[in-house]
Amino acid sequence: VQLQASGGGLVQAGGFLSLHCEASGRIVNFDHMGWYRQAPGKQRELVAKITNIGTTNYADFVKGRFIISRDNAKNTLYLQMNNLKPEDTAVYYCYAVVAAKHYWGQGTLVTVSS
């Protein structure tokens, strides 16, 4: 399984970005997928995840602002990020769990200016 993340960039606080993660396999067969992020000097933390039946979970710090979704026909995972804050600045990584194995994308940088 290969994952290709894209969509990061520079945005002002209060703005929005949409991240994409294209998978090489059929994501309908994936156990679940999601996004982690890692800010400079900090540990990687879970942002959101979505199961193969569409159940979603969000970290408290993004609830009400971020929306995770998936398009099985396009084998793509999305993260819509709204009302971005400077503390959302980080490298965002998509991941997938397939048959209990974890796969990671290469990361995409999101920078939010104040």
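The values are calculated or read from the model by the stated rules, or taken from the named source; none is laboratory data. Not measured: the values here are computed from a predicted model. A quick note on method: Cβ atoms are made from the backbone with ideal geometry, for glycine too, and the neighbour counts reach across all protein chains shown. Ligands, DNA and RNA are excluded from the accessible area calculation, which covers all protein heavy atoms including side chains. Shrake-Rupley method; radii C 1.70, N 1.55, O 1.52, S 1.80 Å.
Looking only at residues of the range 33-58 that are of a type in the set (Gly, Ala, Ser) and within 22 Å of ALA99 (Cα to Cα), we find that the one that is surrounded by the fewest Cβ atoms within 10 Å (Cβ to Cβ) is GLY54. For the range 4-16, what are the residues that are open to solvent by less than 60 Å² (accessible area, probe 1.4 Å) and either polar (S, T, N, Q) or touching a Gly at 6+ places or on another chain (Cβ under 6 Å) (or both)? Of everything in the range 4-16, those that are open to solvent by less than 60 Å² (accessible area, probe 1.4 Å) and either polar (S, T, N, Q) or touching a Gly at 6+ places or on another chain (Cβ under 6 Å) (or both) turn out to be ALA5, SER6. Whenever a residue of the range 32-52 is over 17 Å from PRO86 (Cα atoms), its partners that are among the β-branched types (Val, Ile, Thr) and exposed (fewer than 14 other Cβ atoms within 10 Å of the Cβ), lying with C-beta atoms within less than 9 angstrom and at least six residues away or across chains, give the pairs HIS32/THR55; LYS49/THR55; ASN52/VAL28.
Filtered by the rule that a residue be open to solvent by less than 40 Å² (accessible area, probe 1.4 Å) and either modelled with pLDDT under 95 or of a type in the set (A, V, I, L, M) (or both), the range 92-104 gives ALA96, VAL97, VAL98. Scanning the range 1-28 for residues being part of a strand (DSSP E or B) and not small (Gly, Ala, Ser) gives a total of 10. Does ILE68 meet the test of being of a type in the set (A, V, I, L, M, F, W, C) and at pLDDT below 95? Answer is no for this residue.
Filtering PHE30, PHE61 for residues that are open to solvent by 40 Å² or more (accessible area, probe 1.4 Å) and not polar (S, T, N, Q) leaves a single hit, PHE61.
Suppose the filter is open to solvent by less than 60 Å² (accessible area, probe 1.4 Å), of a type in the set (Lys, Arg) and touching a strand residue (DSSP E or B) at 6+ places or on another chain (Cβ under 6 Å); does ARG70 pass it? It is true that ARG70 is open to solvent by less than 60 Å² (accessible area, probe 1.4 Å), of a type in the set (Lys, Arg) and touching a strand residue (DSSP E or B) at 6+ places or on another chain (Cβ under 6 Å). Counting only residues that are closer than 19 Å to VAL11 by Cα and in a strand (DSSP E or B), the range 69-82 holds 4 of them.
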